[in-house]
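Asks: The structure follows.
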């Protein structure tokens, strides 16, 4: 079987073909999106004219280093296309995202785009969301109280599991680009993603969650046998 990074690059290479001259692009975050930015930079070097809006400081630094023109969302306005990875791709192109901690900007940028294309290797496709821990970004004020409210909200949506604070590699609390903290909900299964999204969003102190529903219009999934393109049904 092809190496995972090779599959990610194949998916990214397929998505680069959707980019047209003059487009305003949302640039995702994560290992697969990193391949996309690298391949996009090659096109830019060859003469393609685009402007990108990065979804994280990490992606911003990569784009600047590789010479991809960038701007802020306020400067660029509506985007033509957003290309980003996903931690899980479920039925109807419902997604779990935020494994890299950039879910807030990722969702804002995805919402600002006319079309969102998800790129991933085939292992990210699942029948039921929830195997990957669901990231929930919260403010640090009253974090323990917020976590208790989230546990109740999660149960009300028919889910169960443990909420764990995200830690960085040094064991310190993971801090997002906007200075918030992350909780990871280890749920195993999310039978009703829409109900869970509503319940989580109603908890005061929640900034954003990693359920991306109704945003992706297409998924590009690379496997050993080739690239599978899934379009969301209207």
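The values are calculated or read from the model by the stated rules, or taken from the named source; none is laboratory data. Quick caveat: nothing in here was measured; it's all calculated off a predicted structure. All Cβ positions, glycine included, derive from the backbone under ideal geometry; neighbour counts span all protein chains shown.
Asks: Considering only residues that are assigned to a loop (DSSP other than H, G, I, E, B) and surrounded by fewer than 16 Cβ atoms within 10 Å (Cβ to Cβ), which ones fall in region 194-212? So that I can check it myself, show each step before the final result.
Replies: Applying the first criterion (assigned to a loop (DSSP other than H, G, I, E, B)) to region 194-212 yields 202-205, 210.
Residues satisfying the conditions are 202, 204.
Asks: Quick one: would you say residue 101 is in a loop (DSSP other than H, G, I, E, B) and surrounded by fewer than 21 Cβ atoms within 10 Å (Cβ to Cβ)? Quick ask: steps written out before the conclusion?
Replies: On the way: in a loop (DSSP other than H, G, I, E, B): yes; surrounded by fewer than 21 Cβ atoms within 10 Å (Cβ to Cβ): no.
Answer is no for this residue.
Asks: Has region 107-116 got at least one residue that is crowded, with 20+ Cβ neighbours inside 10 Å and either in the same structural domain as residue 182 (by TED's automatic domain parsing) or over 19 Å from residue 178 (Cα atoms) (or both)?
Replies: Scanning region 107-116, I find at least one residue that is crowded, with 20+ Cβ neighbours inside 10 Å and either in the same structural domain as residue 182 (by TED's automatic domain parsing) or over 19 Å from residue 178 (Cα atoms) (or both), so the answer is yes.
Asks: Just to check your reading of the model, which residue among 76, 83 is in the same structural domain as residue 119 (by TED's automatic domain parsing), more than 25 Å from residue 121 (Cβ to Cβ) and touching a strand residue (DSSP E or B) at 6+ places or on another chain (Cβ under 6 Å)?
Replies: Values: 83 fails: more than 25 Å from residue 121 (Cβ to Cβ).
Being in the same structural domain as residue 119 (by TED's automatic domain parsing), more than 25 Å from residue 121 (Cβ to Cβ) and touching a strand residue (DSSP E or B) at 6+ places or on another chain (Cβ under 6 Å) holds for just one of 76, 83, which is 76.
Asks: With respect to residue 118, is the statement that it is in contact with a strand residue (DSSP E or B) (Cβ under 6 Å, 6 or more places away or on another chain) and in a loop (DSSP other than H, G, I, E, B) true? Please lay out each step first, then the result.
Replies: Working: in contact with a strand residue (DSSP E or B) (Cβ under 6 Å, 6 or more places away or on another chain): yes; in a loop (DSSP other than H, G, I, E, B): no.
No; evaluated as a whole, the condition is false for this residue.
Asks: Tell me which of these residue 184 doesn't satisfy, since it passes every other one: (1) touching a strand residue (DSSP E or B) at 6+ places or on another chain (Cβ under 8 Å); (2) within 30 Å of residue 16 (Cβ to Cβ).
Replies: (2)
Asks: Taking the residues in region 213-234 that are free of Cβ contacts under 8 Å to residues at least 24 places away in the same chain and assigned to a strand (DSSP E or B) as candidates, determine which candidate is nearest to residue 129 (Cα to Cα).
Replies: Per the criteria, the residue is 231.
Asks: Is there a residue in region 165-177 that is under 29 Å from residue 114 (Cα atoms), touching a helix residue (DSSP H, G or I) at 6+ places or on another chain (Cβ under 9 Å) and either in the same structural domain as residue 83 (by TED's automatic domain parsing) or buried (at least 18 other Cβ atoms within 10 Å of the Cβ) (or both)?
Replies: So in region 165-177, the residues under 29 Å from residue 114 (Cα atoms) come out as 176-177.
Remaining after also requiring touching a helix residue (DSSP H, G or I) at 6+ places or on another chain (Cβ under 9 Å): 176-177.
Keeping just the survivors that are either in the same structural domain as residue 83 (by TED's automatic domain parsing) or buried (at least 18 other Cβ atoms within 10 Å of the Cβ) (or both) gives 176.
Yes.
Asks: I've got another one for you. Evaluate region 47-62: report whether one residue or more is over 20 Å from residue 124 (Cβ atoms), touching a helix residue (DSSP H, G or I) at 6+ places or on another chain (Cβ under 6 Å) and either assigned by TED's automatic domain parsing to the domain that holds residue 176 or not in a strand (DSSP E or B) (or both).
Replies: Yes: region 47-62 contains one or more residues that are over 20 Å from residue 124 (Cβ atoms), touching a helix residue (DSSP H, G or I) at 6+ places or on another chain (Cβ under 6 Å) and either assigned by TED's automatic domain parsing to the domain that holds residue 176 or not in a strand (DSSP E or B) (or both).
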